[in-house]
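Bear in mind that the values in this text are calculations on the coordinates, not laboratory data. Keep in mind that what you see is a predicted model, and the values were worked out from it rather than measured. Note that each Cβ is placed from the backbone with ideal geometry, even for glycine, and that neighbours are counted across all protein chains shown.
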Amino acid sequence: MLSSLRSIVQEVNTAKDLKAALDIIVCRVREVMLTEVCTVYMRDPSLQRYVLLATEGLNKAIVGQYSLAVGEGLVGHVAQREEPINLEDASSHPKFQFLPDSGEEKYQSFLGAPIIHHREVLGVLVVQQTKRRRFDESEEAFLVTVSAQLAAVIAHARATGAIARLPGMPVSGFESVKFTGVAGAAGVAIGTAVVASPPADLHSVPFRSCSDPISELSFFNECVQAVREDMLYLGSKLSHQLGSGEQALFDVYVGMLDDKELRKEVSDRIKTGEWAQGAWSAVILSHVQTFELMEDPYLKERAADVRDLGRRVLAYLQEANHEVRKYPDNMILVGEELTAAILGEVPEKKLCGLVSLKGSSNSHVAILARSIGIPTVMGALDLPFTQMDGLELIVDGYDGIVYTNASKEIYKHYEDIFEEEKLIARGLESLRDLPCETTDGYRIPLLVNTGLMADIVRSLDQGAEGVGLYRTEVPFLLKDRFPGEEEQRLNYRSQLEAFHPRPVTMRTLDIGGDKSLPYFPIEEENPFLGWRGIRVTLDHPEIFLVQVRAMLKANEGLDNLQIMLPMISSVPELEEALELIYRAHDELVEEGLQAELPPIGVMVEVPSAVYQAAELARRVDFLSVGSNDLTQYLLAVDRNNAQVADLYHSFHPAVLRACMQVVQAAHKEGKRVSICGELAGDPGAAVLLIAMGYDSLSMNATNISKVKSVLRFVSMEQAKTILDRVLELESDRHIREFIEDSLSDVGITRLFRSGSSY
Ligand code: PEP
Ligand code: MG
């Protein structure tokens with residue numbers, strides 16, 4: 001059954017529309033399960049009824065004509081109970097309701113499984129048989145698995161509006177299409193979608209048309225010819241090293257490129273006005289799939305060759321197009337998995353919004369987007385992104401929503417918010433040169449998190465009092481090789497100079513997790529628990545030492561550097577890192593460097609570091625809490641996974657208690673303690689953090705004035721009273737509500753929009 005399941009999934013995923021997908025499901029499930037009937041019922045959201053939309057075995061004339069309410073009949077019963085129902089004799093069940101004109105009277109056994117997506121019952125999948133029998137466990141499991149697959153297909157169709165166009169689906173007035181993801185960076189953007197397609201990725205080529213099919217066709221032929229020549233050249237170059245088997249592979253590749261049928265399929269699509277990249281990728285992917293579906297293991301393996309060849313030609317097609325790429329003003333970059341490197345490639349001035357299918361609010365690209373103030377939606381999993389190029393989009397970065405084909409009312413709603421945002425920003429500008437001080441005179445430095453060059457200007461504009469976290473990996477991500485010592489020195493020097501005499505806290509390279517360098521790939525099953533941060537650099541002292549040397553040299557004559565170590569999880573790890581830093585400093589002093597050893601700190605972002613905060617603090621000059629990772633590791637919720645985004649709670653009592661414990665431990669050792677995770681930039685959390693005793697807060701530039709405007713409105717006494725009560729509360733939701741109520745009691749009403757959906 002497993003291989004049948006795989007092939008059903010593949011067929012469904014390539015179906016041309018939802019109707020075809022449903023027909024494939026009912027036909028194939030009936031065949032594989034050897035039943036007489038298979039039927040799909042789908043929920044009509046406007047009527048809250050389950051409509052019969054596809055069947056194999058029942059009278060097809062009733063498709064779209066018949067529906068059941070929740071709890072009505074066996075189908076409604078499955079939907080209500082949200083679990084499979086398996087009956088040997090359906091007609092004796094009290095819920096049984098006979099479908100008139102369906103022809104189902106002869107069927108006795110019934111197995112129905114709910115189709116559930118994100119806890120919502122979207123439909124019911126049913127099989128029936130004349131013979132009285134109970135379906136066995138493996139059959140039940142099979143139907144449940146098919147339902148889960150179907151759920152994703154239906155959710156996608158619902159999001160694109162394809163459901164409304166289904167014959168028989170009585171949904172009316174469906175206009176705007178809304179995709180829900182996760183709020184990545186606050187704000188609203190209205191603009192034109194540009195699909196980001198990483199090099200040679202056959203799956204992410206946007207759907208686009210070409211204006212001149214004749215020249216597009218000759219361009220395609222040139223690219224195929226170029227790959228053909230590459231193959232012939234490679235084959236002859238390696239001819240003495242390769243055996244005849246491997247050598248034959250080059251001939252196979254050339255043969256595929258010469259294949260008339262393959263070329264014709266692509267040419268036919270181009271002649272209808274599709275651009276070469278799209279035509280080539282679609283044809284290649286369908287051939288890959290054909291090979292993958294083959295039973296013969298040898299032929300199955302050939303799928304990899306076709307894919308490889310596909311990528312090679314695509315790379316040529318993309319490269320030639322690269323230089324002529326024109327970006328529209330007010331561009332919204334849409335991609336399967338946006339990264340810092342992709343961001344670096346587009347003109348920043350034109351960029352007004354970001355949408356990523358993968359990733360979540362604490363993915364690094366979302367953090368970067370917040371730092372440059374670009375409204376962002378992450379985890380928009382159902383977005384058919386390759387079909388979005390050139391569409392007008394609205395990005396609601398407050399609620400994590402993307403609209404296409406929006407109605408006039410929706411446009412008006414978001415244009416109003418856009419204007420309101422401008423007013424708020426103007427109001428906050430006046431705070432720039434005022435200190436961050438509570439009403440009873442407590443000063444708390446607000447530092448900034450940086451990474452991109454553009455952050456420097458923005459941070460200074462916002463009145464940042466120094467850098468609490470410079471993510472040094474960001475410039476590494478934008479390169480195509482490790483930057484050398486002098487290149488790094490110049491980069492660090494410009495950061496130190498820009499903020500001088502204010503402190504700049506540079507974190508040593510923190511790669512791994514969702515930050516992998518294109519030229520140093522790390523492939524792991526579980527990257528957030530794997531080779532990350534200090535673990536990588538301790539294994540590669542040559543990389544670590546070059547970086548530390550560059551930092552120390554950049555600091556000469558300025559003396560505002562602080563070095564910070566990421567992902568420390570034990571004392572020996574810290575001691576090893578410290579040894580390397582001391583060694584680099586000693587060597588530089590011997591070479592003539594005139595600079596003291598700068599303050600060194602540790603990031604507390606792993607639970608073990610919370611429990612050993614005192615031992616760590618004793619060995620360094622300061623601690624800084626990385627609440628982004630600390631939240632993910634304490635709650636066991638991947639920060640990069642949109643599926644569990646609603647479990648990622650930075651106000652979880654465990655996170656707040658951990659933050660409290662770290663301050664107490666650091667202060668007991670007489671050491672400074674800061675916090676540089678996104679929590680510090682939340683105005684409500686900032687009130688708690690100053691009450692806990694944090695010596696400084698470090699956040700993205702955009703939030704500095706928001707946090708300042710709240711902290712200048714409360715007294716330390718009020719903050720402590722709020723904290724005392726918060727520490728007694730038992731859930732994230734209660735804590736958030738309590739903070740909001742308490743701030744409104746002291747006169748701070750909803751200063752910042754946190755929800756805006758239409
Ligand atoms: C953190 O984990 O809180 C942190 C500041 O580091 P990053 O987000 O870069 O992992
Ligand atoms: Mg971190």
Revision key, fill the gap. At the level of C-alpha centres, the distance separating region 458-490 and region 279-342, in angstrom, is 33
Check your understanding: Which percentage, to the nearest 5, of the DSSP beta bridges contained in the chain is antiparallel?
Key -> 55
Practice item. Note down the nm distance, to one decimal, between modelled labels 7 Å out along Cα→Cβ at Arg583 and at Ser236. Key: 5.0
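Taking the Kirkwood radius as the inverse of the mean 1/r across Cα pairs, report the Rg/Rh of region 2-173. Please list the in-between numbers first.
Working: Rg = 14.6 Å, Rh = 15.7 Å.
With Rg and the Kirkwood Rh in hand, the quotient comes to 0.93.
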Point to revise | Highest average packing first - 465-477, 589-601, Cβ atoms within 10 Å | key: 465-477, 589-601
Review point. Taking the simple approach of a point 7 Å from Cα along Cα-to-Cβ for both Thr439 and Asp741, what is their distance in nm?
Key: 2.0
Exercise for review: Scan region 10-86 for trypsin sites (Lys or Arg not before Pro) in coil per DSSP, keeping those whose Cβ has at most 15 other Cβ atoms within 10 Å, and list them by number.
Suggested key: Lys16
Point to revise | Separation in nanometres of the label points that stand 7 Å from Cα toward Cβ, at Ala654 and Leu5 | key: 3.0
Revision key, fill the gap. Check: C-alpha center region 423-457 vs C-alpha center region 557-621, spacing in Å is 28
**Study point:** Local electrostatic count at Val9 - Lys and Arg +1, Asp and Glu -1, tallied over other residues with Cβ under 14 Å
**Key:** 0
Study note, to complete from the structure: Looks like region 202-319, by Cα gyration tensor root eigenvalues a ≥ b ≥ c and the a/c under 1.5 rounded cutoff (else prolate when a/b is bigger than b/c, oblate otherwise), is oblate
Review point. Are any of the pairs Lys326/Lys349; Lys60/Lys106; Lys350/Lys422; Lys358/Lys708; Lys237/Lys264; Lys19/Lys271 more than 21 Å apart by Cα-Cα distance, and if so, which?
Key: Lys358/Lys708; Lys237/Lys264; Lys19/Lys271
Review point. How do the peptides 642-648, 293-299 rank, highest first, by the average count of neighbouring beta carbon atoms within 10 Å per residue?
Key: 642-648, 293-299
Practice item. Please give the contour-minus-distance gain from Trp531 to Glu590: 0.36 nm per residue of separation, less the Cα-Cα distance, rounded to one decimal in nm. Key: 17.9 nm
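To the nearest 20 debye, what is the magnitude of the charge dipole of the chain about its Cα centre, counting +1 on the Cβ of each Lys and Arg and -1 on the Cβ of each Asp and Glu?
It works out to roughly 1260 debye.
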Review point. Mind ordering 184-191, 732-739 by average Cβ neighbours within 10 Å, highest first?
Key: 184-191, 732-739
Review point. Using all Cα-Cα distances in the chain, what percent lands in each 10 angstrom bin from 0 up to the longest?
Key: 2, 12, 19, 21, 19, 15, 8, 2, 0, 0
**Study point:** the chain: calculated mean residue ellipticity at 222 nm from DSSP helix runs of at least 4, using -39500 (n - 2.57)
**Key:** -14500 deg cm²/dmol
Point to revise | aspartates and glutamates with Cα under 19 Å of Lys412, excluding same-chain neighbours fewer than 8 positions away | key: Glu175, Glu392, Asp396, Asp399, Glu420, Glu421
Exercise for review: Would you work out the charge dipole size for region 202-319 about its Cα centre, treating the Cβ of every Lys and Arg as +1 and the Cβ of every Asp and Glu as -1, and quote it to the nearest 20 debye?
Suggested key: 180
